[in-house]
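*Asks:* Structure below; questions to follow.
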Amino acid sequence: MRRTIPLNFDWRFVPDFREEYIQPSFNDATFETIDLPHSIKEMPLNNFNEEDYQFVACYRKAIHLEEKLAGHRYLLVFEGVGHVATVYLNGAALMTHYGGYTPFQVDITDSVQEGANTLVVAVDSRSTNNIPPFGGTIDYLTFGGIYREVSLVVVPDQYIENVFIQPFDVLTQPKAKVHVTLSQAGNFTVYITFTDPNGKVIQSTHHPMTGLKDTFVVSFDRVELWDIDHPHLYEVTVQLKAGEIAHDRVTVRTGFRDIRFTKNGFYLNGRKVKIKGINRHQMYPYVGYAMPKSVQKRDAEIIRRELGFNLVRTSHYPQSKHFLNACDELGLLVFEEIPGWQYVGDATWQAVLKENLKEMIIRDRNHPCIILWGVRVNESGDMETLYRETNAIAKTLDPSRPTGGVRCFKGSQLLEDVYTYNDFSLTTGDVILQKVEDVIGDSEAPYLVTEYLGHTFPTKRFDREARQLEHALRHALVFNEYLGCDRIAGGIAWSMNDYNTHEDFGSGDKVCYHGILDMFRLPKLAAYTYKAENTQEPFIRISTNFDIGEYDGSFIEDIYVFTNCDYIEILRNGHSIGYYYPDRETFPHMEHPPIKVSDLFGNLLVELEGFDEETAEKIKAFTRQLARIGGLDKITEKERAYFNDPQMDERAWDLYGKYVANWGQKRVNYTIKGYIDGKMAAEITIGRIERYALKVTPDQSTLRIEDTYDATRIVVEEIGDKDNVVQWGFDPLHITTSEHLEVIGPSLISLVSGKVAFWVKTTGKIGTGTVTIYSPKYGNHEVKIKVVRG
């Protein structure tokens, strides 16, 4: 029977490569000892030379084989190596794999021996390689290294190469085609078992199999459907026997669901579902792509549970199997695409692209979360011959899913099933999204917007409030637009997180600030546009901290509240200003639009100052206009006409300072209460800060060393009263750990706009680890993290 041996610990690494390193006799004692996943070079967060990680490096691993079993094959499986990997065993070159985003397998049976073995991998991460995505200019960095896991799989000579479960007729009489491919033909019986999450067998069958490939149809009385709200998964075990002798067994997960893209939208299990998606780059600060399972899965949790999206696009390459497994478990739809960005190379380059496509589909076609294969290089031009081939590959390997190919120009030749289009129209506000017919003419093809915003309005988490608000409102405008158009299946925002980039892009510091989260997965204001629309737990997020020094002329013109509550009430020092409701005029298609608040006087002029309502409204209009032009010393005939009374002008302006601008007055508290079905469901208070503190929150309190090391993010915030983040905290922090844990990246960091995060990983020691964050302002803060094995 098959046995899988993880090979992720105790590798030797050196950042160069020489022929002598290949030989088993070479002494690598001076090499660094590392664990996988591993980045070929840790990089600064920003402001670095991108060529620093582009070189050929050497990884060596000692493998001890107690016994070499006769009649068995020994297969090395690499989940991802960036970007060209040449594999040697005991001095013999066995294989070179091209492409950094897909898995590959090396048969080492003829080279492996009982006892000591030396595995060597030469890893070339240079962008000069003639493979996708290289050759042109790309707007993201590619990093390098053995950044995903490696394992040794021991199987009989006659083994199961792969299994593909293809459910069909799931809405009527559920069935599944079970496609089985063997390494060698023989006189076998295949036993197939479907098991539900509780371990109950819902169907089992067996069939003779004599060829290399066969397909078996399994029928069911009923099944639970996989859906975005109820992601029901089944385990399928395929066992290969010759008589009573068991040869091999493979277990995969699948889900029963029906997907259809039509002219009128996307349908899941017969129900129309508007796709509300986000693009994801798999990169992290300092280590690029190299993060273990739990961190990969955490991204899926953020996308689905914290932001509420129902789809993620793996831009612009296949991503971690752990991330996709989490998408299956969370009900997060996936649009997965081949590597590349705009550029398509020569025949050699294209051959690698097609091979990467095959590797992607064979690895991932059992995932029910995947609803669309991206078979075209992102934003590349029309290339009929190539893209007919890629579509044919996808349809041959997986006839159950539609294809898409992302382009950024109108009237493109459609060879795929869905016209997938990057629409960056919203730059000035005149056009939000292109009309579908203006992009694809009279075609009735399904239509999906696959990117919007991003580079058209890059925004940093530490930008001033006005820019962050504009960023959030632009996202809301596009979101509202595609929600209201039945002809558009949905939209996929650019992008989940900021990411490292080449010098030709970004903000000059090697970062594209295109995300609704920063690189540490900390939210910008725009994130709450989607959280309000997509999540159930009541919350309130306001666009300002009411710091008048943040605004020109100390004029806070409009504030916005992002919430999933029905309406809000605002109180100033306990006095109700009034009730405010979602802006359904601007955002008619959103369930929970932003709430616009243009009047911070509210009822206070009547209730506390004794004005009648007509005069109160006149004061509001007068002071708003006066604040817009810069104050009483800039008054014109237009403003004087409000009262025709200089004393009233001064009185009104004083009231503006007292109740709105608060210039020179003691800072006040604003309380925002959110109501659902008439009952208060959420509340926040922003204003005076009388105490300051440091808040430290780990994503996980227990880390598990399994096939590889584990890691978790720790968020540090400077907070004031009511747990509000201190907006302009930039204090330094020094991180130290006990022997159980190690900081990923620098140990000396600083708060950025009141907040920062970092990751720690396990070192192999079991027990309770301690992370100490020292602040010159707040002293030491400790976090205890339990480290267990398995």
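The values are calculated or read from the model by the stated rules, or taken from the named source; none is laboratory data. Everything numeric in this text was worked out from a predicted model, so none of it was measured. Here the Cβ positions follow ideal geometry from the backbone for every residue, glycine too, while neighbour counts run over all protein chains shown. Remember, those area values only see protein heavy atoms, side chains included, never the ligands or the DNA or RNA. Shrake-Rupley method; radii C 1.70, N 1.55, O 1.52, S 1.80 Å.
*Asks:* Step through the residues of segment 538-552 one at a time and calculate ³J(HN,Hα) from phi using the Karplus curve (6.51 cos²θ - 1.76 cosθ + 1.60, θ = phi - 60°), rounding each to whole Hz and writing x for Gly and Pro.
*Replies:* After applying 6.51 cos²θ - 1.76 cosθ + 1.60, I find x, 8, 9, 9, 10, 7, 9, 9, 6, 8, 5, x, 7, 10, 4 Hz.
*Asks:* Against the longest principal axis of the chain, how steep is helix 384-397, in degrees 0 to 90 to the nearest 10, with axes from Cα atoms?
*Replies:* Long axis of 384-397 versus the principal axis of the chain: about 70 degrees.
*Asks:* For segment 526-630, how big is the tail of P(r) above 18 Å, as a whole percent of Cα pairs?
*Replies:* Values: 3057 of 5460 pairs.
That tail contains 56 percent of the Cα-Cα pairs.
*Asks:* Okay, moving on. Tabulate in residue order the Karplus-calculated ³J(HN,Hα) for segment 446-455, using 6.51 cos²θ - 1.76 cosθ + 1.60 with θ = phi - 60°, rounded to whole Hz; enter x for Gly and Pro.
*Replies:* x, 9, 9, 7, 9, 8, 7, 6, x, 5
*Asks:* I'd like the orientation of helix 465-483 relative to the chain: the angle between its Cα long axis and the longest Cα principal axis, in ° from 0 to 90, rounded to 10.
*Replies:* Result, in degrees: 60.
*Asks:* Is segment 103-230 best put as rounded, prolate or oblate by its Cα gyration tensor, with a ≥ b ≥ c the root eigenvalues, rounded for a/c under 1.5, and otherwise prolate when a/b is larger than b/c, oblate when not?
*Replies:* Judged from the Cα gyration tensor, segment 103-230 comes out oblate (a/c at least 1.5, b/c at or above a/b).
*Asks:* Express the carbon and sulfur contribution to the solvent-accessible surface of segment 395-475 as a percent, rounded to the nearest whole number, probe 1.4 angstrom.
*Replies:* Numbers: 1490 of 3090 Å².
Carbon and sulfur: 48 percent of the exposed surface of segment 395-475.
*Asks:* Using a Förster distance of 60 angstrom, determine the FRET efficiency expected from the C-beta separation of Glu557 and Arg789, and round it to 0.05.
*Replies:* Given R0 = 60 Å and the Cβ-Cβ separation, E is 0.55.
*Asks:* Long-range amide H contacts for Asn564: which residues qualify at under 5 Å (H placed 1.01 Å from N, peptide plane, sequence gap of 5 or more or a different chain)?
*Replies:* Those lying under 5 Å, H to H, from Asn564 are Phe539.
*Asks:* For segment 433-548, max minus min Cα coordinate along each principal axis, in Å, sorted largest first?
*Replies:* Principal extents (largest minus smallest coordinate, Cα): 50, 41, 25 Å.
*Asks:* For the chain, find the longest principal axis of its Cα atoms and tell me its angle to the long axis of helix 613-629, 0 to 90°, nearest 10.
*Replies:* Once rounded, the angle reads 60 degrees.
*Asks:* Given a Förster distance of 25 Å, report the FRET efficiency between Thr697 and Arg464 from their Cβ-Cβ distance, rounded to the nearest 0.05.
*Replies:* 0.45
*Asks:* Under a 5 Å amide H to amide H cut-off, with H placed in plane at 1.01 Å, what residues pair with Glu337 once short-range neighbours are removed?
*Replies:* Residues meeting the amide H criterion: Thr314, Tyr317, Gly374.
*Asks:* What whole-number value in cubic angstrom gives the convex hull volume per residue for the C-alpha atoms of segment 427-467?
*Replies:* That works out to 85 Å³ per residue.
*Asks:* By residue number, which cysteines of the chain lack any other Cys whose Cβ falls under 4.7 Å from their Cβ?
*Replies:* Cys58, Cys408, Cys485, Cys512, Cys565 - these cysteines have no disulfide-compatible partner (Cβ-Cβ under 4.7 Å) in the chain.
*Asks:* Now for a different question. Could you check the simple spin-label distance between Asp509 and Gln23, using points 7 Å along Cα→Cβ, in nm with one decimal?
*Replies:* 4.9
*Asks:* Which entries of Lys213/Lys297; Lys276/Lys297; Lys274/Lys435 show an alpha-carbon separation above 23 angstrom in the structure shown? Please report the intermediate quantities before stating the final value.
*Replies:* Details: Lys213/Lys297 34 Å; Lys276/Lys297 20 Å; Lys274/Lys435 17 Å.
Check vs 23 Å cut-off fails for Lys213/Lys297.
*Asks:* Chymotrypsin sites (Phe, Trp or Tyr not before Pro), restricted to segment 377-486: which are DSSP loop and have at most 15 other Cβ atoms within 10 Å?
*Replies:* Sparse-neighbourhood loop chymotrypsin sites (Phe, Trp or Tyr not before Pro): Phe409.
*Asks:* Which whole-number value in Å² is the accessible area per residue of the chain, probe 1.4 Å?
*Replies:* It amounts to 39 Å² per residue over the chain.
*Asks:* May I ask you to give the percent of accessible area on segment 1-85 that is carbon plus sulfur, with a probe radius of 1.4 Å?
*Replies:* 46
*Asks:* Given H placed 1.01 Å from N in the peptide plane, which residues other than close sequence neighbours of Gln700 have an amide H under 5 Å from its amide H?
*Replies:* For Gln700, the qualifying residues are Arg713.
*Asks:* Binned at 10 Å from 0, what are the whole-percent values of the Cα-Cα distance distribution for segment 607-699, short to long?
*Replies:* In order of increasing distance, the bins hold 13, 32, 26, 18, 9, 2, 0 percent.
*Asks:* Among DSSP bridges having both ends in segment 278-390, what percentage is antiparallel? Round to the nearest 5.
*Replies:* Here the antiparallel bridges make up roughly 10 percent for segment 278-390.
*Asks:* Working out 0.36 nm times the residue gap between Arg249 and Lys200, then minus their Cα-Cα distance, what length gain in nm do you get to one decimal?
*Replies:* Fully extending the segment from Arg249 to Lys200 adds 15.8 nm.
*Asks:* Additional query: Let me know the whole percent of all Cα-Cα pairs from the chain that are separated by more than 49 Å.
*Replies:* Taking all Cα-Cα pairs of the chain, the fraction more than 49 Å apart is 24 percent.
*Asks:* If R₀ is 56 angstrom, what is the calculated FRET efficiency for the pair Val715 and Glu617, using the beta carbon separation as r and rounding to 0.05?
*Replies:* Taking R0 as 56 Å, the efficiency between Val715 and Glu617 is 0.80.
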